[in-house]
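Please read the structure below before turning to the comments.
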Amino acid sequence: MKLKHWYISIFVALIAMGCSKDDDNNKSSDDLNVSEEIFYANHFAKTTLEEIYLWNKEIADDLENIDPYTNEDPIATVEEVRYKQGGKEVDKWTTLTDDVASLNSSMQGVSTTYGYRLMLGKFSNTDGYFFVVAFVYNNSPAQEAGIKRGDIIVTLNGKEITDENYLDAVYEPNLTLGMAKRTDKGIVATKEISVSARNMYCDPILAHKVFDIDGKKVGYLAFTDFDLQSIEDLIDICKSFKAAGVKELILDMRYNGGGYVYTEEILASMLAPISVVRNGEIYQTEIWNDDYMAYFKQNNIDRTLYFKTLHKGILNGKELTYNTAEANIGLEKIYALISSGTASASEGIIVGLMPYMNIELIGKNSSGKYCTGSIFQPKDIYKKAPDAISNWGIYVMVNRYGDKDGKNPCMPDGLVPNFTANDDPMDGCPLGDEHEVLLNIALQHAGMKFDKETTRTHTYPDVELSMIDTNPLSGKRIQLNMAIPTIVSMPTTTGK
């Protein structure tokens, strides 16, 4: 049965059961204290959370705050009602937007950007802030301006960086960056660089190469997002690793905040042992809300994900098909470089592969994003969506994933490294350089010998760095094929 068909059935059934929850029919236009657009946006958000949300039962009482007639800020209210436990925000990702076109575009890796990823730096003995460039996307304004990993930025448009203006570095359309370098006397200003942001595709593949360690071939792959456009390149890279005889892989996901489950499954099937893929073993399991789980069981619907070589999907009505039969590398071990920036799909691929192969984690604890979301628009939910909210949408958590046995070691606080180490972009080495700190450690674990003079360690222990992550895909694990045909009637502002 096609996903589209079972999803219609369960959604119709759930809406029917949930109709009694909505007392809109007891209200009239006299009760309306918001605009027509906000009324419809409230109803759309509330309906989606009541029926589809993974934690719909847990937030049932809080959903009363999304009153279509009185709630003036549905975007903020959705953020407020997201599931929390003991005061801790469990769901940090469910988001309502009034610009779903931009959201969908950004999910494809297209956004207005300078093309750099920054880390906010602060010396432990001062109140001063600065930026360190973690990496730069190819063919970006930052790269064209000569900015590279490890560069230091100390001013924005001539002003010192503070906790009030630091986000200007990613949101202002034009910037003059005050560059600097680290010396024995501290950080010293050097020059100014002017850059302008532009709308562009950010290619997530930052570096890939093969190292020869006494005849053993070790691959290296650094990438930032599980987007859809990079799938063909990932397949080609895995084919090249296979042709080179790669047996171990250093998978650099320290800056990978997630993306599409479809891309994640494709890469996983190229990294898993070939026997596991040929046998169609379980890759991941899924847990939905109670209503969906009961429906799946009653109708023998299998929501389990399996390793495979033929990958089919649908995005906005377009069929996607990729064959990875010739791209399985034949790996024996993976060294995964992780950090707090490793989230969602990048955690998911490690969780799914762990039961089947030797994976050594190097770095810091990952994010702990263990659930999957999907993007819905009003036209996906209603028989006739009002024009007033045609550009609204919601990215909503629909399930949480586990390995073949339903276990997820990244719950609740992230994957724990086997070997703890700090990422250090100030080491002066580009990603892929054997002397870059985390890669250097992984290569040593793989058997490469280094002289003490060339062995890398954390460069400046007195520096505190935190990622400034505005990547739209970060923290998102997106399920394809979740759109449903129009099946629910939208009430009017008169309640009829």
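No lab work stands behind these numbers, since they all come straight from the coordinates. Keep in mind that this is a model prediction, so the values were computed, not measured. All Cβ positions, glycine included, derive from the backbone under ideal geometry; neighbour counts span all protein chains shown.
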* Structure fact -> Taking Lys and Arg as +1 and Asp and Glu as -1, residues besides V188 with C-beta under 13 Å from its C-beta add up to +3
* Between K384 and E79, how many nm apart are label points set 7 Å from Cα along the C-beta direction? -> 3.5
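Summarise the long-distance tail of P(r) for segment 111-201 by giving the % of C-alpha pairs beyond 23 Å. Spell out each step's value before the answer.
Values: 690 of 4095 pairs.
That tail contains 17 percent of the Cα-Cα pairs.
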* In 10 Å bins starting at 0, how do the alpha-carbon pair distances of segment 33-119 split up by percent? -> 16, 40, 29, 14, 1
* Quick one: which of 159-168, 75-84, 138-147 comes out on top by average Cβ neighbours within 10 Å, and what's the full order, highest first? -> 75-84, 138-147, 159-168
* Rounded if a/c is under 1.5, else prolate if a/b beats b/c, else oblate: with a ≥ b ≥ c from the C-alpha gyration tensor eigenvalues square-rooted, which is the chain? -> oblate
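Ordered by packing density, taken as the mean number of other Cβ atoms within 10 Å over each peptide's residues, highest first, how do 55-66, 180-191 rank? Intermediate results must be reported in sequence, preceding the final value.
Numbers: 55-66: 16.5, 180-191: 11.8.
Ranking, from highest mean packing down: 55-66, 180-191.
So which of K92/K333; K181/K364; K318/K407; K84/K369; K57/K84 end up more than 22 Å apart, counting from Cα to Cα? Intermediate values should be presented prior to the final figure.
On the way: K92/K333 33 Å; K181/K364 26 Å; K318/K407 33 Å; K84/K369 14 Å; K57/K84 12 Å.
Violating the 22 Å limit, Cα to Cα: K92/K333; K181/K364; K318/K407.
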* Asked: When only Cα pairs under 8 Å and 6 or more residues apart are kept, what is the percent relative contact order across segment 111-201?
  -> 29
* Which of the peptides 87-95, 396-404 is most tightly packed, and how do the rest follow, judged by the mean count of other Cβ atoms within 10 Å per residue? -> 396-404, 87-95
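Taking every DSSP beta bridge that has both residues in the chain, what percent is antiparallel when rounded to the nearest 5? Mind dumping the intermediate values first?
Working: 65 of 90 bridges.
The answer is about 70 percent antiparallel.
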